[in-house]
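Working notes for the structure below.
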Amino acid sequence: MARCIVVANQKGGVGKTTTAVNLAAALAVMEKKTLLIDCDPQANASSGLGIYPESVAENLYSILYEPEKVWDAVYDTSLPYLNVLPSTSDLVAADIELVDKQGRENFLRKVVAELGEKYDFILLDCPPSLGLVTLNALCAATELLVPLQCEYYALEGVAQLLKTFELVRKRFNTGLHLLGVVMTMYDGRNKLNRHVKREIRKCFPKHHFETLIPRNVRVSEAPSHGQSVIDYDVKSKGAEAYLGLAKEVLCRVPV
Ligand code: ADP
Ligand code: MG
């Protein structure tokens, strides 16, 4: 069964999608069979790997209503070990439509259970909220990865996320563990970044990744080419960092 990693932080713009895409690509080049499930209606993880919502027939929203079609919603990417299950803007409605469904938190769990046997890793890219779709992702996963930007308010909101994590563990998914926090868009020349990095390491002594993802222009350019940074410029600092993060993920058993 796949290790299923949910990439979540209800704050927007902290590097969730960038981390989900590039960690997935890094694991794939290490020959781990990897599936990225895009759980955000913005569909940036899908387009970031060259799968454009308007050009595919099935997506996470369509299989909500036709779960028997789940394998039809899995698409190939330019990397042989990497598949994507794309999203679409329709997924906005899921947060509301799922509300009065029985077992509303278990929809994604069933999808992951069905697909999980074929993969080493399934990554879930979450929207910037703690709504029903994110709850579904937390219920489906075995591990939580939290991207944090080393800015002043980085830890604000994390308490809320960790509370939700504990609640999900207690009520819905005892198999969920904290994999760790990863610091994104890091600039070592910036004093505040260095200070917040120390705070985050103090706050998560056992659960931070040593790999720092630097702010890197190649990382920000790659999605407009429909590529991960590993494809786009494997020699860049950004690619190097995500490959380092993947190595740490492979070594780390979450507790
Ligand atoms: P989220 O999914 O949490 O909303 P994104 O991954 O979309 O955040 O990142 C927000 C913005 O920051 C995007 O424009 C992205 O290209 C940029 N970005 C993310 N990580 C990096 C990085 N390491 N270097 C440069 N730009 C980055
Ligand atoms: Mg995103």
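Are any of the residues in region 156-177 part of a loop (DSSP other than H, G, I, E, B), over 24 Å from Glu31 (Cα atoms), among the β-branched types (Val, Ile, Thr) and without any contact (Cβ under 8 Å) to a residue 60 or more places away in the chain? There is at least one residue in region 156-177 that is part of a loop (DSSP other than H, G, I, E, B), over 24 Å from Glu31 (Cα atoms), among the β-branched types (Val, Ile, Thr) and without any contact (Cβ under 8 Å) to a residue 60 or more places away in the chain. Scanning region 128-171 for residues that are within 21 Å of Ile96 (Cα to Cα) and of a type in the set (Gly, Ala, Ser) yields Ser129, Gly131, Ala137, Ala140.
Take residues that are within 16 Å of ligand 1 (Cβ to nearest atom) and surrounded by fewer than 24 Cβ atoms within 10 Å (Cβ to Cβ) and tell me which of the helices (runs of 4 or more DSSP H) falling wholly in region 1-87 contain 2 or more.
On the way: elements: 16-29, 44-47, 60-65.
So the answer is 44-47.
The single condition among (1) closer than 15 Å to Ile37 by Cβ; (2) over 18 Å from the mean Cα position of the chain (by Cα); (3) not aromatic (Phe, Trp, Tyr) that Leu108 does not meet is (2). Among the residues of region 140-155, write down those that are more than 22 Å from Ile200 (Cβ to Cβ) and surrounded by fewer than 24 Cβ atoms within 10 Å (Cβ to Cβ). Passing the criteria: only Thr142. Among the residues making up region 7-17, those that are more than 9 Å from ligand 2 (Cβ to nearest atom) and not polar (S, T, N, Q) are Ala8, Lys11.
For region 139-167, a residue qualifies if it is of a type outside the set (A, V, I, L, M, F, W, C) and either in contact with a Gly (Cβ under 6 Å, 6 or more places away or on another chain) or under 16 Å from Pro128 (Cβ atoms) (or both), and the qualifying residues are Thr142, Pro147, Gln149, Glu151, Tyr153, Glu156, Gly157, Gln160, Thr164.
Of the residues making up region 208-237, those that are in contact with a Lys or Arg (Cβ under 6 Å, 6 or more places away or on another chain) and closer than 21 Å to Leu179 by Cα are His208, Pro214. Cβ-Cβ distances below 9 Å connect the following pairs, each with a first residue in region 1-12 that is farther than 13 Å from Glu156 by Cα and in contact (Cβ under 8 Å) with a residue 12 or more places away in the chain, a second residue that is surrounded by 22 or more Cβ atoms within 10 Å (Cβ to Cβ) and of a type in the set (S, T, N, Q), and a separation of six or more residues or different chains: Ala2/Thr34; Val6/Thr134; Val7/Thr17; Val7/Thr19; Ala8/Thr134. Among the helices (runs of 4 or more DSSP H) confined to region 179-246, the ones with at least 1 residues that are more than 12 Å from ligand 1 (Cβ to nearest atom) are located at 191-203, 229-232.
For region 169-191, a residue qualifies if it is under 13 Å from the mean Cα position of the chain (by Cα) and more than 19 Å from Gly13 (Cα to Cα), and exactly one does: Leu179.
For (1) modelled with pLDDT of 95 or more; (2) within 20 Å of Asn136 (Cβ to Cβ); (3) away from ligand 2 (no atom under 14 Å from the Cβ), each residue gets a yes or a no:
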position	(1), (2), (3)
Thr19	yes, yes, no
Leu35	yes, yes, yes
Ala43	yes, yes, no
Ser55	no, no, yes
Asn59	yes, yes, yes
Glu68	no, yes, yes
Tyr75	yes, no, yes
Leu79	yes, no, yes
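For region 119-129, the criterion of being on the phi < 0 side of the Ramachandran plot, at pLDDT below 95, surrounded by fewer than 17 Cβ atoms within 10 Å (Cβ to Cβ) and in a loop (DSSP other than H, G, I, E, B) is met by at least one residue.
When Arg201, Arg218, Arg189 are checked against the criterion of being in contact with a His (Cβ under 7 Å, 6 or more places away or on another chain) and farther than 22 Å from Leu124 by Cα, a single residue qualifies: Arg201. The test for being surrounded by fewer than 17 Cβ atoms within 10 Å (Cβ to Cβ) and more than 16 Å from ligand 1 (Cβ to nearest atom) does not hold for Asp95.
The values are calculated or read from the model by the stated rules, or taken from the named source; none is laboratory data. Note that the structure is predicted; figures quoted are calculated from it, not measured. Every residue, glycine among them, receives a Cβ derived from its backbone with ideal geometry; neighbour counts consider all protein chains shown.
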